[in-house]
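Structure record follows, encoded as structure tokens.
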Amino acid sequence: MTLTDRLRAEFGESALLMGADIGSRYCSDMSGLGKSPPALVIRPRSTAEVSRVLRLCNEASAPVIVQGGLTGLAGGAAPLGNEIAISLELMRGIEEVDTAAATMVVKAGTPLAECQAAAAEHGLFLALDLGSRGSCQIGGNLATNAGGIRVIRYGMMREQVLGLEAVLADGTVVSSMNRMLKNNAGYDLKQLFIGSEGTLGIITRAVLRLHPPPGDIVTALCAVESYPQVVALLRRAQTGLGGVMAFEAMWKDYFAFNTAALRLRFFNEEHPFCVILESSSGAGATEAFLAGCLSEGLIADALVAHSQAQERDIWSVREGYPIETLPNLLNFDVSLPIGMIGDYAEACTAALHKRWPAAHVSFYGHVGDSNVHICVSADYGPGESMHDVDEIVYRVLGGYQGSISAEHGIGTLKRPYLHLSRTPEELALMRRLKHALDPRGILNPGKVI
Ligand SMILES: Cc1cc2nc3c(=O)[nH]c(=O)nc-3n(C[C@H](O)[C@H](O)[C@H](O)COP(=O)(O)OP(=O)(O)OC[C@H]3O[C@@H](n4cnc5c(N)ncnc54)[C@H](O)[C@@H]3O)c2cc1C
């Protein structure tokens with residue numbers, strides 16, 4: 001009996017998608033890598049079903065790929081060849097919101113936006129927020145240790161979770177559904193799975209940590225003349241304004257490209273940097289703070305959004321969909337000490353322009369949490385490829401002790417460069433962990449390590 005026959009016998013014909021029934025949706029993630037269909041797609045409805053699928057695949061040493069909302073940007077959920085895709089999309093729903101403990105128990109396939117809305121309905125706040133909120137799933141957020149726009153205030157996904165349940169490659173269910181903020185009883189096993197991009201186990205449920213709602217968030221756009229002033233504005237806002245919820249910087253070329261494409265105009269002149277500053281300290285306090293910064297010359301101009309439409313306009317520039325239409329666009333996600341980001345951006349731009357003088361190179365990012373994204377669109381000559389861009393971006397980064405992935409993960413895209421951000425000893429320990437949890441190497445083979 002083949003593995004497909006065994007899966008069909010155990011779960012029924014309707015549980016499997018095969019051949020032409022596999023929609024293009026399951027063939028790649030938002031990295032656009034791959035695009036080859038998996039051998040089949042199976043969509044379990046419970047932890048017990050995930051366990052049975054994995055047990056059968058492990059017995060047959062069949063490679064599997066774990067798929068959440070498929071919004072990942074590193075190719076982690078994109079099939080490489082003939083894997084069995086395990087999609088979590090039917091494991092959706094909020095099991096419980098505990099307002100006393102400020103926790104939420106959720107199935108891994110639940111979209112982030114659904115969890116945010118459920119928290120708000122109960123007068124609480126789920127702090128993770130990403131542009132992909134409508135499609136990405138909690139399991140995917142955990143597996144990538146997602147960051148997003150609120151990290152500066154609340155930390156990454158790792159900080160939003162108290163417990164989780166995961167299924168190991170051999171089908172063993174590890175239920176570590178801790179609900180307490182404090183629990184030092186031995187190893188914190190959930191940390192094994194957070195950020196492991198589906199290579200150590202499949203996350204099936206989680207206990208999320210909620211917060212009191214931050215109150216009304218005021219969005220401002222500030223024009224700044226130099227990178228040191230961007231950093232000074234951040235520190236001043238954290239001490240002088242308080243309640244800083246987001247701090248997103250856009251370098252001139254990124255801001256100019258997107259505002260032109262979106263037909264938006266915020267300031268009369270161009271400025272080297274524009275910063276989105278969000279705070280929960282109220283409109284009056286924000287306006288007074290900005291007036292002070294303006295009179296001291298820390299910022300060159302500023303505006304405060306007074307409607308949701310104005311907020312949307314400001315954020316649409318940062319989300320930057322127009323830039324994605326550039327040919328051969330590569331989007332990097334690096335981190336380095338905040339004070340060095342300005343110098344890195346200059347050095348990286350110079351190195352890229354030396355090789356491709358006409359290339360579009362622009363920078364934007366969360367910055368307040370040391371994360372910057374780089375957009376590169378170059379016209380490659382014969383024998384050149386996107387890997388030449390990788391090589392330059394990461395070589396320059398090495399001089400600043402940066403990391404090749406701040407928040408998107410390694411997947412397949414950055415796997416060849418992992419050694420640039422991890423020591424040989426760290427890589428060896430990662431391999432030992434992988435072998436201990438998945439000795440047959442069936443979970444997301446070819447990803448991360
Ligand atoms: C418009 C847009 C904005 C974005 N903004 C941000 C941002 O600000 N910050 C950020 O960090 N990311 C961002 N992302 C990237 C992406 O949304 C995140 O990485 C997200 O956490 C991925 O979740 P997903 O459910 O789509 O996972 P997928 O893409 O399906 O999978 C990602 C990885 O996790 C694994 N995986 C998925 N589900 C599970 C599970 N249940 N158990 C084990 N492994 C699993 C997959 O195998 C894969 O390796 C953005 C993407 C887009 C398209």
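The single condition among (1) in a loop (DSSP other than H, G, I, E, B); (2) of a type outside the set (Gly, Ala, Ser); (3) over 12 Å from residue 330 (Cβ atoms); (4) touching a residue at least 40 places away in the same chain (Cβ under 8 Å) that residue 384 does not meet is (4). Restricting attention to the stretch 206-245, report how many residues are within 16 Å of the ligand (Cβ to nearest atom) and crowded, with 23+ Cβ neighbours inside 10 Å. Here the count works out to 3. Of all residues in the stretch 48-64, those being assigned to a helix (DSSP H, G or I) and over 21 Å from residue 195 (Cα atoms) number 9. For the stretch 121-139, give me each residue that is touching a residue at least 60 places away in the same chain (Cβ under 8 Å) and within 12 Å of the ligand (Cβ to nearest atom). Hits for the stretch 121-139 are 131, 132, 135, 136, 137, 138, 139. Take the conditions (1) away from the ligand (no atom under 11 Å from the Cβ); (2) of a type in the set (Asp, Glu); (3) in contact (Cβ under 8 Å) with a residue 12 or more places away in the chain; residue 29 misses just one of them, which is (1). Look at (1) part of a helix (DSSP H, G or I); (2) more than 29 Å from the chain's Cα centre (by Cα) and you find that residue 25 fails only one, number (2).
In this structure, is residue 367 buried (at least 21 other Cβ atoms within 10 Å of the Cβ), part of a loop (DSSP other than H, G, I, E, B) and in contact with a strand residue (DSSP E or B) (Cβ under 8 Å, 6 or more places away or on another chain)? The answer is yes for residue 367.
Does residue 187 meet the test of being away from the ligand (no atom under 16 Å from the Cβ) and aromatic (Phe, Trp, Tyr)? It is true that residue 187 is away from the ligand (no atom under 16 Å from the Cβ) and aromatic (Phe, Trp, Tyr). Restricting attention to the stretch 65-120, the residues being more than 9 Å from the ligand (Cβ to nearest atom) and either at pLDDT below 95 or assigned to a loop (DSSP other than H, G, I, E, B) (or both) number 14.
Restrict the check to the stretch 30-47 and report whether at least one residue is in a helix (DSSP H, G or I) and at pLDDT 95 or above. Yes, there is a match, as at least one residue in the stretch 30-47 is in a helix (DSSP H, G or I) and at pLDDT 95 or above.
Residue-level analysis places residue 45 outside the set of residues that are among the basic types (Lys, Arg) and under 20 Å from the mean Cα position of the chain (by Cα). Of everything in the stretch 395-440, what is in contact (Cβ under 8 Å) with a residue 60 or more places away in the chain and either more than 22 Å from the chain's Cα centre (by Cα) or assigned to a helix (DSSP H, G or I) (or both)? Give them in sequence order. Selection gives 397, 400, 433, 434, 437, 438, 439, 440. State whether the residues of the stretch 155-167 include one that is within 8 Å of the ligand (Cβ to nearest atom), modelled with pLDDT under 95 and buried (at least 19 other Cβ atoms within 10 Å of the Cβ). No, the stretch 155-167 contains no residue that is within 8 Å of the ligand (Cβ to nearest atom), modelled with pLDDT under 95 and buried (at least 19 other Cβ atoms within 10 Å of the Cβ).
Taking the conditions exactly as written (surrounded by 17 or more Cβ atoms within 10 Å (Cβ to Cβ), acidic (Asp, Glu), in a helix (DSSP H, G or I) and under 23 Å from the mean Cα position of the chain (by Cα)), does residue 313 satisfy them or not? Yes; evaluated as a whole, the condition is true for this residue.
Of all residues in the stretch 392-449, those that are within 29 Å of residue 85 (Cα to Cα), aliphatic (A, V, I, L, M) and more than 16 Å from the ligand (Cβ to nearest atom) total 4.
The values are calculated or read from the model by the stated rules, or taken from the named source; none is laboratory data. Computed from a predicted model, the values in this text were never measured in an experiment. Here the Cβ is made from the backbone with ideal geometry for all residues, glycine too, and neighbour counts use every protein chain on show.
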